[in-house]
Amino acid sequence: MPVITNIEDLKRMHKRRTPKMFYDYAESGSWTEQTFRENTTDFEKIRLRQRVAVDMADRTTKTTMIGQDVAMPVGLAPVGLTGMQCADGEIKAAKAAEKFGVPFTLSTMSICSIEDVAENTEKPFWFQVYTLRDDEFMTRLMARAKDAKCSAIMITLDLQILGQRHKDLKNGLTAPPKFTAKTIADLATKWSWGIEMLQTKRRFFGNIVGHAKEVTDPSSLSTWTADSFDQSLDWARVAELRKMWDGPVILKGILDVEDAKKAVEIGADAIIVSNHGGRQLDGALSSIRMLEQIVDAVGDKIEVHLDSGIRSGQDVLKAMALGAKGTYIGRAFVHGLGAMGEAGVTKALEVIHKELDLTMALCGHRDINTVDRDTLLVPKDFAGDWT
Ligand SMILES: Cc1cc2nc3c(=O)[nH]c(=O)nc-3n(C[C@H](O)[C@H](O)[C@H](O)COP(=O)(O)O)c2cc1C
């Protein structure tokens, strides 16, 4: 067993073990990937203040996100096709999150269905919805999430249309992979992935195939996706969706102060400052850059969370110090899952927790809830002078 000390170690293992088309699907951004890159490099521009001779005993990273207790303020972000990174991937990731005490969010575009995850876990998880044109399907999807006892829904607002990711087009991404000379040659070197995949029935989009009217077999899914996502989505529709769910609603994909204010108006419980991990609008600013101004504008009215670019506990600490009440990891847990299944997700969470805990201590804090802006050294021009 290799010694794993950081997320980068898991990423290398993920690349070795998983078919290229699925590794590339995770490890890419849209178009030039500028936003994808800056999501991580902007975190590096923020530095931490070293404080000494401060009592470091009895530390805690426990807090709450939308009123729910969490072992640390780090949830698992919704990630489509997680069950292609590793057989039954969503179930394995949900189990790891449950044992660790952090939220797991299931994507609409998951391989394991809402029911599959509910049957294999004890605690409620969160469900992410894409806004689709088919009202009947949307109503049923929300009802299924309710029946599965999901304790919150997360509505993704930054994907009415798909940002182009060059690698997916070049690799001919499908789930499950279509057999071509290229994929067969690749799969031959990823045999442990293949053996596990042959042992599960879950290889198609579990929330959709057999539930959406026109989709009875997976080959029609790409057409269905292109036709079904609601390009006409507006705030009136978001407000309607908010009313359809009588529990906490999180709006994901907010990167602008004006949109954050709209989220407050429609009565959302939390927003996620996010650019979809740099997978949608290439050229948008990184989430961490936009965070402080959004917190200043709405942070006293709504919980502000952040994702995009988190690869370490230090990154989590920086986001919390800039006013976030919670964060999410996407690729960081996917690398763990692709590397070692459930144990890999646990490892990713352990790595981030340890980094968060020790870094917090070295910054002179014992409680994640007391970490504030004074913990950081932020360049004066960090947010940028844009007009
Ligand atoms: C492979 C992949 C698939 C994703 N699928 C979804 C999805 O189905 N729904 C969604 O709301 N966000 C999706 N996202 C975005 C994540 O929820 C999250 O915003 C992003 O991964 C955060 O950035 P990070 O990967 O740098 O942590 C996906 C991200 C990745 C990397």
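The values are calculated or read from the model by the stated rules, or taken from the named source; none is laboratory data. What you are looking at is a predicted structure, and each value in this text was computed from that prediction instead of being measured. Neighbour counts are summed over all protein chains in view; Cβ atoms, including those assigned to glycine, are modelled from backbone coordinates with ideal geometry. All accessible areas refer to the heavy atoms of the entire protein, side chains included, with ligands and DNA or RNA removed. Shrake-Rupley method; radii C 1.70, N 1.55, O 1.52, S 1.80 Å.
Oblate is the label for the stretch 114-213, because a/c, from the alpha-carbon gyration tensor with a ≥ b ≥ c as root eigenvalues, is 1.5 or above and a/b does not exceed b/c.
Shown for the chain are the DSSP H helices of 30 Å or more along their axis, judged by Cα atoms, with a mean Kyte-Doolittle hydropathy of at least -1.0: 331-362. Taking label positions 7 Å along the Cα-Cβ direction at both Val257 and Asp135, the computed distance is 3.7 nm, reported to one decimal.
Could you sort out which of Lys99/Lys318; Lys45/Lys318; Lys15/Lys99; Lys62/Lys325; Lys62/Lys318; Lys15/Lys167 sit more than 18 Å apart by Cα distance in this structure? Present the calculation step by step, with values, prior to reporting the outcome.
Values: Lys99/Lys318 25 Å; Lys45/Lys318 11 Å; Lys15/Lys99 26 Å; Lys62/Lys325 12 Å; Lys62/Lys318 16 Å; Lys15/Lys167 15 Å.
Checking Cα-Cα distances, Lys99/Lys318; Lys15/Lys99 exceed 18 Å.
Where the alpha-carbon atoms of the chain are placed on the principal axes, they occupy 61, 52, 43 Å, in descending order.
Starting from the residue with the highest accessible area, list Leu162, Leu173 in decreasing order, probe 1.4 Å.
Details: Leu162 120, Leu173 50 Å².
If we order Leu162, Leu173 from most to least accessible, we get Leu162, Leu173.
Is the shape of the stretch 338-387 best called rounded, prolate or oblate, per the rule: a/c under 1.5 gives rounded, else a/b larger than b/c gives prolate, else oblate, with a ≥ b ≥ c the square roots of the Cα gyration tensor eigenvalues? It is oblate, given that a/c is not under 1.5 and a/b is not larger than b/c. Multiplying the residue separation of Lys380 and Val3 by 0.36 nm and subtracting their alpha-carbon distance yields 131.9 nm. When the chain is described by a simple charge dipole with +1 on each Lys and Arg Cβ and -1 on each Asp and Glu Cβ, the residue from Ala94, Thr223, Leu198 located farthest towards its positive end is Leu198.
In this label model, Thr189 and Glu44 are separated by 2.7 nm, measuring between points 7 Å along each Cα→Cβ vector.
For the stretch 167-312, just say rounded, prolate or oblate: build the C-alpha gyration tensor, square-root its eigenvalues into a ≥ b ≥ c, call rounded for a/c under 1.5, and beyond that prolate if a/b exceeds b/c, oblate if not.
Values: a/c = 2.50, a/b = 1.73, b/c = 1.45.
Verdict is prolate for the stretch 167-312.
Please list Lys92, Lys325, Lys62 in order of solvent-accessible area, largest first, computed with a 1.4 Å probe with all protein chains present. Write down the numbers at each step before the final one.
Values: Lys92 50, Lys325 110, Lys62 135 Å².
Greatest to least solvent exposure: Lys62, Lys325, Lys92.
What you get for the chain, charging only the Cβ of Lys and Arg (+1) and of Asp and Glu (-1), is a dipole of about 1120 debye around the Cα centre.
Modelled spin labels at Asp58 and Leu169, positioned 7 Å past Cα toward Cβ, are 5.9 nm from each other.
The charge dipole of the stretch 41-173, taken about its Cα centre with unit charges on the Cβ atoms of Lys, Arg (+1), Asp and Glu (-1) only, comes to about 560 debye. By the helix-only formula, in which each DSSP H run with n ≥ 4 contributes -39500 (n - 2.57) and the sum is divided by residues, the chain has a 222 nm mean residue ellipticity of -12500 deg cm²/dmol. Potential lengthening of the chain between Lys178 and Asp147 amounts to 7.8 nm, from the contour at 0.36 nm per residue minus the alpha-carbon distance. The accessible surface of the chain, taken with every protein chain in place and a 1.4 Å probe, is 53 percent carbon and sulfur. From Cα pairs below 8 angstrom and at least 6 apart in sequence, can you work out the relative contact order of the chain, rounded to a whole percent? Taking the mean separation of contacting Cα pairs over the length of the chain, I get 29 percent.
Accessible area per residue of the chain at 1.4 Å probe, in Å²? Kindly include the intermediate steps, with their values, before the conclusion.
On the way: 16920 Å² over 387 residues.
That works out to 44 Å² per residue.
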